[in-house]
1. From the phi of every residue in region 261-269, what ³J(HN,Hα) in whole Hz does the Karplus formula 6.51 cos²θ - 1.76 cosθ + 1.60 yield, where θ is phi - 60° and glycine or proline is x?
2. From the residues Leu115, Leu176, His267, which one has its Cα farthest along the dipole of the chain in the positive direction, the dipole being from +1 and -1 charges on Cβ of Lys/Arg and Asp/Glu about the Cα centre?
3. With an 8 Å Cα cut-off and a minimum separation of 6 or more residues, compute the relative contact order for the chain in percent.
4. Can you list residues from other chains, or at least 5 along the same chain, whose modelled amide H is less than 5 Å from the amide H of Leu115?
5. Towards the positive end of the charge dipole of the chain, with charges on Cβ (+1 Lys, Arg; -1 Asp, Glu), say which of Thr202, His213, Pro136 has the farthest Cα.
6. Short version: ³J(HN,Hα) in whole Hz for each residue of region 98-112, in order, from phi by Karplus 6.51 cos²θ - 1.76 cosθ + 1.60 (θ = phi - 60°), x for Gly and Pro, what are they?
7. Once you keep just the Cα pairs under 8 angstrom separated by 6 or more residues, what percentage relative contact order results for region 188-272?
8. Ignoring ligands, DNA and RNA, what percent of the 1.4 Å accessible area of region 192-257 is carbon and sulfur?
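The values are calculated or read from the model by the stated rules, or taken from the named source; none is laboratory data. What you are looking at is a predicted structure, and each value in this text was computed from that prediction instead of being measured. Cβ coordinates were reconstructed from backbone atoms using ideal geometry, including for glycine residues, and neighbour counts include every protein chain displayed. When the accessible area is computed, the model is the full protein with side chains, heavy atoms only, and any ligands, DNA or RNA have been set aside. Shrake-Rupley method; radii C 1.70, N 1.55, O 1.52, S 1.80 Å.
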Amino acid sequence: MLRRAPPAPLAPFIECLWFAEREALPHTRERGLPTGCADIVIPLLPRQHILRYDSESAAVPRRLRGGVLQGPHDRVSVRGTEGPSAVIGVHFRPGGAAAWFGGALPELRNRTLPLDELWGCAASTLRDELQNAGTPQAALQRLESHLLRRLHRAPSADTMVLQAIGALQRDPTRALIDPVQRASGCTPAQFIGRFERAVGLTPKRYARVLRFHSMLPVLVRAGPRDWAQIAVAAGYFDQSHLIHEFRRLSGLTPGAYRPVQPDQPTHVAIAS
């Protein structure tokens, strides 16, 4: 797994560019826990597809050839992990994908679409370039250059939304919407509309995912767990509230949460 910090022009919008390669895994499906952010994922092996299941009970996946855009999620997704894999991708910051995909993000919520439906034939050309790059480092450089070229044609970011995201991120355990909305100078309807156009989630949905996601590293590190104490520290009313929210967002109880790797807290294997 390689991660590349983006250069200054991309940094306000993108958390990292990444490359991952692996052999076949012992499991063939994974839960993808929500982050509230969008991602580009591009397969690099010749006959590799991106596999997405419509639900955990679905028997047959959608096989997406070429790159995909995974929109911001506020619920669990299910991905196929069968066979070897080599993929390259972009993990956007909250609201960052709007610079490349504009007002499409609300329609992309909880969905994964082929990148060529959004970028046309340029998506196939980009994949060909990445496959022929020679090394992972060269592929990351080419992906970065492509994003930089597109950024020059992008509309300006909504400063109000970026400030609102920053305010919520300062303390995810107490991410209250009302004071952030009042500080924005917008009416509640204006605030919700502008936030959702930029982020793909409403402010309330984003705050719930933010609180949940910020707790996952704590659970990865924790040994024997005092769930009541964890619930209060994470900003939930009590243990019951934590369990309800955890199940709603991940499809799991907190006690059943076991990530595939400590450094991949949003990936959880589904037993065959």
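1. Running phi through 6.51 cos²θ - 1.76 cosθ + 1.60 with θ = phi - 60° gives 9, x, 8, 10, x, 9, 10, 10, 5 Hz.
2. The Cα lying farthest towards the positive end belongs to Leu176.
3. Averaging sequence separation for qualifying contacts and normalising by length gives 23 percent for the chain.
4. Gly67, Val68, Leu69
5. Ranked along the dipole, the leading option is Thr202.
6. Values, residue by residue: 4, 5, 10, 10, x, x, 7, 4, x, 6, 8, 4, 6, 10, 10 Hz.
7. Result for region 188-272 is 19 percent.
8. Carbon and sulfur: 56 percent of the exposed surface of region 192-257.
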